[in-house]
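A quick write-up on the structure given underneath.
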Amino acid sequence: MLEYIPGSTDTGPAGSADGEDAGSPGEQGAAGEEGEPDEEGAVISAGDAEIEGPGLSDIQKQIVLKLLELIQEDIIYGYEVFPDSGYPTNNVWISTDVISVVLNECGFDLMELIYKDMSEHKDDYPMDIKGRKEAIKYLDFRDVFFQEQFFRRHALELPLEYEAGDPDNAILWQPGDILYFQFDPDNPYKDLGGFVSPHKNEDGIPLVIMISAELGSISGADVLGEYEIVGHFRYPPPDID
């Protein structure tokens, strides 16, 4: 029997809202501050801190700055439907809203992009999860499994396991990278999404900027070495010479 899941946009296996299991691990970490991009290089000034990343593109800087602004806003975890706008028009968000809103404000309208791609390539999306064949514009771009599939098709895919001490981590795990976490392989509704943060824990491992039922608000969570990563993307994909 299918049960409606708050935090999804349709029916699916019984589970918690937007992938969050109240018993899932994860602890809240440090929040960021607002800042401005440095025109000279890949340094972002955020309050009193400077955030560095080798070769960060202008769009990566924009994404990170927007994320740091969102942490300061009064956004709480919860699911509502927005038939007119698609995007949330209040302060009640699920994890995928953080991803779609940030990218939309940086010039990438995921609602339009995912709807177009799903409409033209139905067989490439897991429509069977929803039990229908046609895409719904204002709903589907917020479903975590549809977001994941869109980025698999259109983003740069990166490693799924963070290896502490890897000298390439600064390149492979950059601020603004998009991550998806899996909690139950039999229930895709439980997946959660977020961004690699420019801030790190005391061991030098990046935090993840995300929202969940457990966190309650958009926060920097120390989960990179704890949650199972099933998607790691850089979008838009960088130009590779």
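Table for the structure above
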item	result
Selection of GluC sites (Glu not before Pro), the stretch 137-211, meeting DSSP coil and at most 12 other Cβ within 10 Å	161, 163, 202
The stretch 212-224 - phi-based ³J(HN,Hα) in whole Hz, Karplus 6.51/-1.76/1.60, Gly and Pro as x	7, 4, 6, 5, x, 8, 5, 9, x, 9, 8, 10, 4
Two-site label geometry, residue 136 and residue 109: point separation in nm, points 7 Å out along Cα→Cβ	2.1
Total formal charge among the other residues, if their Cβ is under 13 angstrom from that of residue 234, Lys/Arg +1 and Asp/Glu -1	-2
Protection proxy ranking, peptides 189-195, 113-119, 205-211, average beta carbon neighbours within 10 Å, highest first	189-195, 205-211, 113-119
Contour excess over end-to-end distance, with Cα ends at residue 157 and residue 80 and 0.36 nm allotted per residue	24.7 nm
Whole-number D in µm² s⁻¹ for the stretch 82-241, Kirkwood Cα-pair radius fed into Stokes-Einstein, 10 °C, 1.306 mPa s	97
Protection proxy ranking of 102-112, 125-135, 62-72 - average other beta-carbon atoms within 10 Å, highest first	62-72, 102-112, 125-135
Contour minus Cα-Cα distance for residue 172 and residue 123 (0.36 nm per residue)	14.6 nm
Shape of the stretch 44-155, Cα gyration tensor, a/c cut at 1.5	oblate
By average C-beta atoms within 10 angstrom, highest first, the peptides 84-96, 215-227	215-227, 84-96
Label-point separation, residue 226 to residue 92 (7 Å along Cα→Cβ), nm	2.7
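Readers should treat all values here as calculations from the given coordinates under stated rules, not as data from a laboratory. Everything numeric in this text was worked out from a predicted model, so none of it was measured. Note that each Cβ is placed from the backbone with ideal geometry, even for glycine, and that neighbours are counted across all protein chains shown.
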